[in-house]
1. Just to be sure, is residue 111 within 38 Å of the chain's Cα centre (by Cα), closer than 20 Å to residue 75 by Cβ, part of a helix (DSSP H, G or I) and not aromatic (Phe, Trp, Tyr)?
2. Looking at the structure I just gave you, is residue 18 at pLDDT below 70, among the aliphatic types (A, V, I, L, M) and surrounded by 10 or more Cβ atoms within 10 Å (Cβ to Cβ)?
3. So for the range 86-99 (the condition being among the polar types (S, T, N, Q) and either loosely packed, with under 10 Cβ neighbours inside 10 Å or more than 37 Å from the chain's Cα centre (by Cα) (or both)), does at least one residue qualify?
4. Does any residue of the range 34-56 turn out to be outside any loop (DSSP other than H, G, I, E, B), polar (S, T, N, Q) and over 27 Å from residue 122 (Cβ atoms)?
5. Within the range 23-35, does at least one residue satisfy the condition of being surrounded by 10 or more Cβ atoms within 10 Å (Cβ to Cβ) and modelled with pLDDT under 75?
6. Within the range 114-137, take every residue that is surrounded by fewer than 11 Cβ atoms within 10 Å (Cβ to Cβ) and among the polar types (S, T, N, Q) and give me the one that is nearest to the chain's Cα centre (by Cα).
7. For the subset of the range 57-108 comprising residues that are among the acidic types (Asp, Glu) and in a helix (DSSP H, G or I), which member is nearest to residue 122 (Cα to Cα)?
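The values are calculated or read from the model by the stated rules, or taken from the named source; none is laboratory data. Just so we're clear, the structure is a prediction, and the values are computed from it rather than from any experiment. When we count neighbours, we look across all protein chains shown, and the Cβ atoms used for this are built from the backbone with ideal geometry, even at glycine.
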Amino acid sequence: MGLINQIAVLLFGEGRNVVTETMGAFVENAENAATREADGKSRALQQYAAEFGGTNKGTFDRVIDGANRLPRPLLAFGTLGLFVMAMVDPIWFAARMQGIALVPEPLWWLMGAIVSFYFGARHQAKAYEFQQSVANTAAQAVEVTQRVRAIEALGAGAALTAPAANDNPALDAWRQEHDG
C-alpha cells in the first residue's frame, strides 16, 4: 500500500496532476483555448466599440462616412444610366465609349482590382453574416424539436384524459332547463 500511495502522490499529489501537466505540453487544452478565443473576441469587440461606437461624431467623420457609402450606388446607377443613354442618344453614348476605348490596359487592371476588393470585402462580410444566421437557426432546431414533441405529448395526453361530451353535469342541467 505504501508504494502505490507514493506513486499516486508522485503523479497526483500536492494539488498537481503530473499526467495532465505532461499532456498539456503536447495537446492543447480545449477549455483554455476556448477561454483565450473568447477573451480575444471580447477585446476585439471592445476595440471596435471604442473606435466606432461614439455617437458624437464630428463633421469630418460624418462626411467621410457618407463618402464611403457612395461608390456602390454610383456604380449601379451609373451603369443603368449608360444603358438608358445608349437608347436615348446613341451618338452621345458612342462618343463616350470611344473615349473609354483609349484607357490603357494597366488602368483597367487597377480599376478591376479596386472594384474587386471593394465589393469582395462586402460580399465576404455578408456571407459571414448569412453563415452566422444559418448557424443560429440550426442551433435552435434541437430546442424547437423538443418543444414540438412536448406540445404533441400534451395534446396526446389531453386527448386521452379529456372527458366525454356527455360527462358534464352542469351542461346537462342547463340543457334540461332550456330544452323544456
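1. Yes: the conditions hold for residue 111.
2. Taking the combined requirement at face value, the residue satisfies it.
3. yes
4. The answer is yes, given that some residue of the range 34-56 is outside any loop (DSSP other than H, G, I, E, B), polar (S, T, N, Q) and over 27 Å from residue 122 (Cβ atoms).
5. So far as the range 23-35 goes, yes, one or more of its residues are surrounded by 10 or more Cβ atoms within 10 Å (Cβ to Cβ) and modelled with pLDDT under 75.
6. Per the stated criteria, the residue is 132.
7. Among residues in the range 57-108 that are among the acidic types (Asp, Glu) and in a helix (DSSP H, G or I), the one nearest to residue 122 (Cα to Cα) is 65.
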